[in-house]
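S.K.: Starting off with a structure, shown below.
The values are calculated or read from the model by the stated rules, or taken from the named source; none is laboratory data. Everything numeric here is computed off the predicted structure, so don't read it as measured data. Heads up, the Cβs are rebuilt from the backbone with ideal geometry, glycines too, and the neighbour counts pull from every protein chain shown.
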Amino acid sequence: MYTLMIVEDEPLIREGLKHYFPWSELGVTRIIEAEDGAQGERLALLERPDLVITDIRMPEMDGLTMIERLRPRLSSAAFVILTGYNDFEYAQRAIKLGNIQAYLLKPLEYEESLATVQDCLAKLRQRQAEDLLLQGAEQLKQERRREQERQIVKRLLDEPGFDPAPALQALGMPDPVEGRGRRYAAFAATAPPPPGAQPPSPDVWAADAERFIAAMASRLFGTQVVGKLLAYVRGGKLFVLALAESEAETDGPRSSDAARSDLPAGTSRATAETAETAETAAALAALNRGRGAAIYIAAGGLVDTAAEARQSFAQAEQALHKRYYQPGAYLFRAASQPTPSSSETQAPLLPARDRELLQAHLMQGDADAVRELLLKLGEGARQLPADTPPARWLALLQELVSVTLRYAHRHGIAVEEFASGSMLTLAFADDFAQAEDLFAWLADWTDRLIAANPERGGSQAGGADARIFTQIEQFVRQHLDQEVTLQMVADRFFYNPSYLSRLFKTKLNKNYLAFVAEIRIRYAQDRLKDPSLFITDVCAMCGYKSYKHFVKTFRSVAGMTPTDYRKQLGIEP
């Protein structure tokens, strides 16, 4: 439990002290030695002992000098000095200075010395208990503050008109003072997974993104972050509010045009709005190296008050969509000035001819032609100019969805049964990293619509709904080692979760969880036929974190335990 360090230049005394007291009974589980104060200082900083017993007079560095140098860096350690009668008054004065807890007088009297050591260890235990209480109180205080910070950002996002100034004042982040060059900066970050993969938990990437935002504020705005960032995670996105300070007021990002020639090979040559200097691009590449899902970060405009940060957050969140037509870029900056005229002067992103072709292919039920057209449109969207406003790009998606929904309503397709809210609100645009993947997903959606057309024997006649269970089983088997929720399946196959849940009960007479359990246990039965695999290995392969839960589920599905199943096969457990 405790580590003891003995510092003494006489080897016999050191060895004697190691065996003089019943250290293990006193809670000392480890003893280290040093032969002088200099060695003791080095060893103590490396091993961080709880109790130090040291002689006073030693070559190179005496014990009192060593204690004086160690005390600021080992504030929780207890120091005891060994002293003879000649140094007794010297030792007493040293104790009064506060650096030393007690002394052991040579030659040692066992009972008296043991009582001294016991008293030191008792005080050490009390001090450590008090430190734990203080740490717990401090952690609780910090957690309460973090929750206050999260709530401020949440309310800024969700409540129009919310004024966070009083709450920020209490947290030491007042609205900028005139002449101080302070403004608020809002950021949004996301890490969409590759196609078919589960979204990574924000716990995996949000802290890294937050640290990167703090570091890059100066490169984006020519400012330094003042105090702590306020962060909140919602819907798989990270939102960060920062108070930034600069020597001079600034209304926009530093231009990256001057640094463009220094960009590493392969880096996106987007406009100054991406704000990717060579230094930033290298840092982002390092941040995303080896990640299954890359992190994308966008900054809104600087605002004078925290109340205006809601608009800055909206700009940052929308700027994240630039990744679809700025391939290779991970950092984006919202336009410093709105450009409403651009959407008025430029041709629509969905030309009238392509709109008419999409409508005709849908009416003909030609799923292959629809897919080919959508993938072509996706390729065109990926090659848009880098300064295309994100709102205009989203308008293209809105028009495509509107065309498909009009087709569904015209043919009596019950869209509300399998169209998730993400489709109707364009929230699906947050779920992908590349335009190709997004438009392939849209093509799957139109396949679903065409298959659901009752005039063609679709879902209302039982066709698509009958086939969906086979498709879901294939999907679950592909992700057996992961948790596959009903919501994930619903999103993957364009179903409303509530409607999909009802389908399981009406068509299969079982709920979704029982359906998945049967798939996992059938797979387990197949793997258990391999005698080289342990049952615990099969448990993990089937996605069960608890062996007890695996055995219980196996028994409920198969009517026996995995061990009994192997015995039935003639395989010894």
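S.K.: On the given criteria, is residue 456 farther than 26 Å from residue 515 by Cα and modelled with pLDDT under 75?
M.R.: Details: farther than 26 Å from residue 515 by Cα: yes; modelled with pLDDT under 75: yes.
Considered against the rule, which asks whether it is farther than 26 Å from residue 515 by Cα and modelled with pLDDT under 75, residue 456 comes out as yes.
S.K.: So, one more: So in segment 523-533, with the set limited to residues that are touching a residue at least 12 places away in the same chain (Cβ under 8 Å) and charged (D, E, K, R), which one is surrounded by the most Cβ atoms within 10 Å (Cβ to Cβ)? Outline the logic, then answer.
M.R.: We begin by selecting, within segment 523-533, every residue touching a residue at least 12 places away in the same chain (Cβ under 8 Å); these are 523-525, 527-529, 531.
Adding the requirement that they be charged (D, E, K, R) leaves 527, 529.
Details: 527: 15, 529: 11.
Only one residue fits best here, namely 527.
S.K.: Further question: Across segment 368-411, which residue is surrounded by the fewest Cβ atoms within 10 Å (Cβ to Cβ) among those that are of a type in the set (Ser, Thr, Tyr) and in contact with a helix residue (DSSP H, G or I) (Cβ under 6 Å, 6 or more places away or on another chain)? Outline the logic, then answer.
M.R.: Going residue by residue through segment 368-411, those that are of a type in the set (Ser, Thr, Tyr) are 388, 402, 404, 407.
Subset that is in contact with a helix residue (DSSP H, G or I) (Cβ under 6 Å, 6 or more places away or on another chain): 404, 407.
Numbers: 404: 24, 407: 21.
Per the stated criteria, the residue is 407.
S.K.: Follow-up. Which residue, of 125, 183, is of a type in the set (Lys, Arg) and either more than 30 Å from residue 6 (Cβ to Cβ) or at pLDDT below 85 (or both)?
M.R.: Values: 125 fails: either more than 30 Å from residue 6 (Cβ to Cβ) or at pLDDT below 85 (or both).
Answer to the check: 183.
S.K.: Still on this structure, please answer the following. In this structure, does residue 533 turn out to be in contact with a helix residue (DSSP H, G or I) (Cβ under 9 Å, 6 or more places away or on another chain), outside any helix (DSSP H, G or I) and under 29 Å from residue 566 (Cα atoms)? Spell out the reasoning first.
M.R.: On the way: in contact with a helix residue (DSSP H, G or I) (Cβ under 9 Å, 6 or more places away or on another chain): yes; outside any helix (DSSP H, G or I): yes; under 29 Å from residue 566 (Cα atoms): yes.
So residue 533 fits the description; yes.
S.K.: Quick one: in segment 1-58, which of the residues that are farther than 16 Å from residue 75 by Cα and polar (S, T, N, Q) is nearest to the chain's Cα centre (by Cα)?
M.R.: So the residue we want is 29.
Yes/no per residue for (1) aliphatic (A, V, I, L, M); (2) outside any helix (DSSP H, G or I); (3) in contact with a His (Cβ under 7 Å, 6 or more places away or on another chain):
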site	(1), (2), (3)
477	no, no, no
484	yes, yes, no
490	yes, no, no
494	no, yes, no
505	no, no, no
515	no, no, no
519	yes, no, no
524	yes, no, no
543	no, yes, no
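S.K.: Now for a separate question. The conditions are (1) in a helix (DSSP H, G or I); (2) at pLDDT 75 or above, and residue 464 fails exactly one of them. Which is it?
M.R.: (2)
S.K.: Can you name the residue in segment 300-331 that is under 20 Å from the mean Cα position of the chain (by Cα) and modelled with pLDDT under 90 and is also surrounded by the most Cβ atoms within 10 Å (Cβ to Cβ) among such residues?
M.R.: The residue in question is 331.
S.K.: Name every residue in segment 1-29 that is surrounded by fewer than 17 Cβ atoms within 10 Å (Cβ to Cβ), in contact (Cβ under 8 Å) with a residue 12 or more places away in the chain and either touching a strand residue (DSSP E or B) at 6+ places or on another chain (Cβ under 6 Å) or of a type in the set (Asp, Glu) (or both), in order of residue number.
M.R.: Pass one, segment 1-29, residues surrounded by fewer than 17 Cβ atoms within 10 Å (Cβ to Cβ): 1, 10-13, 15-16, 18-20, 22, 24-25, 27, 29.
With the extra rule that they be in contact (Cβ under 8 Å) with a residue 12 or more places away in the chain, the set shrinks to 1, 10-11, 13, 18, 20, 27, 29.
Within segment 1-29, 1, 10, 18, 27 meet the criteria.
S.K.: Being surrounded by 15 or more Cβ atoms within 10 Å (Cβ to Cβ) and without any contact (Cβ under 8 Å) to a residue 40 or more places away in the chain is the filter here, so list the residues in segment 534-562 that pass it.
M.R.: Result: 535, 538, 539, 544, 550, 551, 553, 554, 555, 558, 561, 562.
S.K.: Restricting attention to segment 1-51, which residues are within 14 Å of residue 118 (Cα to Cα) and not aliphatic (A, V, I, L, M)? Can you show your working first?
M.R.: In the first step, residues of segment 1-51 are kept if they are within 14 Å of residue 118 (Cα to Cα); the result is 2, 4, 20-28, 50-51.
Listed by number, the residues that qualify are 2, 20, 21, 22, 23, 24, 25, 27, 50.
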